[in-house]
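Data block below; observations after.
Please treat every number below as a calculation from the coordinates, not as lab data. Treat the numbers as computed from the prediction; the structure is a model and nothing was measured. We place every Cβ from the backbone using ideal geometry, glycine too, and count neighbours over all the protein chains shown.
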Amino acid sequence: MTSVAIVTGASSGIGAATARRLAAEGFHVLAAARRAERLTDLVAEITAAGGQATAVTCDVTSDESVARLAEAAAQAPGPVTLLVNNAGGARGLDPVESGSVADWQWMYDVNVLGTLRVTQALLPALEASGSGTIVVVSSTAGLTVYEGGGGYTAAKHAQTAIAGTLRLELCGRPLRVIEIDPGMVKTDEFGLVRFEGDAERAAAVYAGVPGPLVAEDVADCIAWCATRPEHVNIDRLVVRPRAQAAQHKVHRV
C-alpha cells in the first residue's frame with residue numbers, strides 16, 4: 001500500500017519542491033496550503049510526471065481548517081507515514097524596539113502554533129502507521145539571532161524547541177522527529193512576504209551571493225532524512241549555501 005506524506009505550505013517554494021520530490025520517491029502526497037488554485041496546478045504537474053498527489057486547502061492558523069486536513073488524511077489511500085511541517089514565513093526586519101506586534105503575532109501563529117496544530121491533528125494517524133516521521137522545517141534563525149530578526153528568530157527558536165521537546169516525549173513510540181534548518185534559500189516568495197511585496201528589497205538579500213540554496217536543495221534534504229531506515233533518526237540537519245559560513249558571514253562577489 002502506498003505511504004502518504006502530508007506537506008504544509010505546499011503552494012510554493014520549499015513546500016512545492018518537497019511535494020514534487022516526495023511524489024517522485026513514491027509517496028502519495030497530500031499537498032496542503034491556503035491557495036487552492038496553486039495546489040491544483042501542482043497536483044496536475046505531479047500527476048503528469050507519474051506521481052500521486054491530492055490537493056487539500058488548509059490554513060494552519062485555523063483549528064477548523066487543520067481538522068479538515070486530518071479528515072482528508074483519514075480518507076487517503078494508504079497509511080500516513082510522513083508529515084512535513086513546512087508552512088511558515090517572516091514579516092519585517094525591524095528592531096525589537098519598533099517591531100510590529102501584528103507581524104510578531106502572525107509569525108508565531110504560522111510558524112509555531114501552525115506546527116503545533118498540524119502535529120497534534122496528525123499524530124494519531126502517524127503513530128497508527130507503525131512508523132511515522134515528523135519533519136519540522138525550522139531555520140538557522142532558530143539556532144542564532146541577528147539584528148532586525150527578533151520576531152522571526154523568536155518564532156523559529158520556538159519551533160526548534162517544539163521539535164526537540166516532541167522527540168523526548170515520543171521516545172519509545174514508533175515515531176521519529178527530524179528538524180531541518182536551512183540557511184539562505186532563494187525562493188520566489190519568502191522575501192516578498194517579509195518585505196510586503198518590495199521586490200527590490202527582497203532581491204538585495206541575495207545580491208552577489210554565488211549559489212544561494214534553492215527550494216529543491218532543501219527538498220532533497222527532507223527526502224533523504226525521511227527515507228532513511230526507520231530506526232535511523234536524523235535529529236537535526238543544518239544546510240547552508242557554501243557562501244554562507246554563518247548567519248552573519250556571507251561571501252558576496
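As a rough guide to protection, the peptides 205-212, 56-63 ranked by mean Cβ packing within 10 Å, highest first, stand as 56-63, 205-212. Proximity of backbone amide H atoms, modeled 1.01 Å from N, is registered between residue 6 and 30, 82, 83, 84 at under 5 Å, excluding neighbours fewer than 5 places apart on the same chain.
The ellipsoid that matches the Cα gyration tensor of region 17-69 has semi-axes, each √(5λ) in whole angstrom, of 21, 11, 8, with the longest given first.
Starting from the Kirkwood Rh over alpha-carbon pairs, what translational D in µm² s⁻¹ does region 75-197 have by Stokes-Einstein at 10 °C and 1.306 mPa s? Stokes-Einstein gives a translational diffusion coefficient of 104 µm²/s.
For region 4-250, a simple Cβ point-charge model (Lys and Arg +1, Asp and Glu -1, everything else neutral) yields a dipole of about 540 debye relative to the Cα centre.
Over all projection directions, the Cα-based convex hull of region 124-253 averages an area of 8.8 nm². The residue list 143, 110, 178 was ranked by how far each Cα lies along the charge dipole of region 106-195 toward its positive end, using unit charges on Cβ atoms, and 178 comes out on top. Along its three principal directions, the equivalent ellipsoid of region 97-151 from the Cα gyration tensor extends over semi-axes of 30, 14, 4 Å, largest first.
Given Cα pairs under 8 Å that are at least 6 residues apart, what percent is the relative contact order of the chain? Don't skip to the answer; put the middle values down first.
Numbers: 516 pairs, mean separation 48.4, N = 253.
Rounded, it is 19 percent for the chain.
The phi-based Karplus calculation (6.51 cos²θ - 1.76 cosθ + 1.60; θ = phi - 60°) puts the 3J(HN,Hα) values of region 207-212 at 4, x, 7, x, x, x Hz, whole numbers, x for Gly and Pro.
Here is how the number arises for the chain: DSSP H runs of 4 or more residues each give -39500 (n - 2.57), the sum is divided by the residue count, and the result at 222 nm is -12500 deg cm²/dmol.
Legend: P(r) of the chain from all alpha carbon pair distances, 10 Å bins from 0, whole percents, reading 8, 32, 38, 18, 4, 0. Projecting label points 7 angstrom from Cα along Cα→Cβ for residue 68 and residue 147 puts them 4.5 nm apart. The amide H of residue 209, built 1.01 Å from its N in the peptide plane, has 253 as neighbours under 5 Å, considering only residues 5 or more places off or on other chains. Here the Gaussian network model covers the chain, with springs between Cα atoms less than 10 Å apart; of 144, 160, 18, 144 fluctuates the most.
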